[in-house]
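> Encoded as structure tokens, here's the structure I'll be asking about.
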């Protein structure tokens, strides 16, 4: 059975338009399915909990952006019974980009109904006090999370999304946050017990996939099925470092800059004495004290794109 969870409001209503096309294609193929629509934040999590509580093998399809994927994954009760699939309708779609999933709706539906490629991938897990969150793409604290916080509540983003210019929201917000951001001291304890201390940290990102923010390659070597998370820590004396960082990170060559540290870990603990913004797949939270991240290897079975077959 196919179960679809649709965010009709993704990309300022694009999700609703895409679903109409999906529905027509499903009906043409006489596919048996059920569909559920989200209407508020974390609704997708609740729906995924209800669907996967039935203890049946099923294909669960997300129709939305990376935030919708994040909510659904955090609601799955038993990953061993679920095959996941994704039709991207968001502004960034970094998860689909990393997995080579079709961006064309008709091609995405065909790929789900007649799959040839499956992949078992890792997910990241972050612990913020008593709260635990899975993430598919990335988790970060500091400057990049501040951009996500500001963009999340931006009315300008909705306007730009109508013209397929949603990425400009992140550019404009990034410039503003560059002026406002204050570097913070950050300690990171790695899984080998080594502790790294950075006096002026602009941001630290833990990535399961190589893209975030609409195609920015902060961790160009990150793979979602290698059993590791990749870290990108940016620290330095000047916030002007951020400008060349973003330009070079589009090509994944920002590691040549001073103050850019790229690491590969199975787990790590972040500690900061100051309250910092945090995001998981763009969803905003706040860091108070300690944050632990770890890789959960091979937990998710997903219908992948051509050439992205599992290495397992």
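> Among the strands (runs of 3 or more DSSP E) contained in the range 228-300, which hold 3 or more residues that are closer than 17 Å to residue 145 by Cβ and without any contact (Cβ under 8 Å) to a residue 60 or more places away in the chain? Steps first, answer last, please.
On the way: elements: 229-235, 260-265, 267-280.
Filter on the range 228-300 gives 229-235.
> Select, from 77, 110, 57, 34, the only residue that is within 17 Å of residue 134 (Cα to Cα) and not assigned by TED's automatic domain parsing to the domain that holds residue 279.
Details: 110 fails: within 17 Å of residue 134 (Cα to Cα); 57 fails: within 17 Å of residue 134 (Cα to Cα); 34 fails: within 17 Å of residue 134 (Cα to Cα).
Residue meeting the stated conditions: 77.
> Could you look through the range 261-299, keep only residues that are in contact with a helix residue (DSSP H, G or I) (Cβ under 7 Å, 6 or more places away or on another chain) and modelled with pLDDT of 90 or more, and pick out the one that is nearest to residue 225 (Cα to Cα)?
299
> Filter the range 206-227 down to the residues that are under 17 Å from residue 97 (Cβ atoms), assigned to a strand (DSSP E or B) and modelled with pLDDT of 95 or more and list them by number. Outline the logic, then answer.
Start the filter on the range 206-227 by keeping residues that are under 17 Å from residue 97 (Cβ atoms), which leaves 207-225.
Next cut, assigned to a strand (DSSP E or B) only: 207, 212, 216.
The answer is 207, and nothing else.
> Residues that are at pLDDT 95 or above and surrounded by fewer than 17 Cβ atoms within 10 Å (Cβ to Cβ): which helices (runs of 4 or more DSSP H) entirely in the range 1-91 hold 3 or more of them? Spell out how you get there, then give the answer.
Working: elements: 14-28, 43-52, 66-73.
In the range 1-91, the matching helices (runs of 4 or more DSSP H) lie at 14-28, 43-52.
> In the range 254-262, is there at least one residue being buried (at least 17 other Cβ atoms within 10 Å of the Cβ) and under 30 Å from residue 89 (Cα atoms)?
yes
The values are calculated or read from the model by the stated rules, or taken from the named source; none is laboratory data. This structure is a prediction, so every number in the text was calculated from the model and none was measured. Cβ sites come from the backbone with ideal geometry, for glycine too, and all protein chains shown count toward neighbours.
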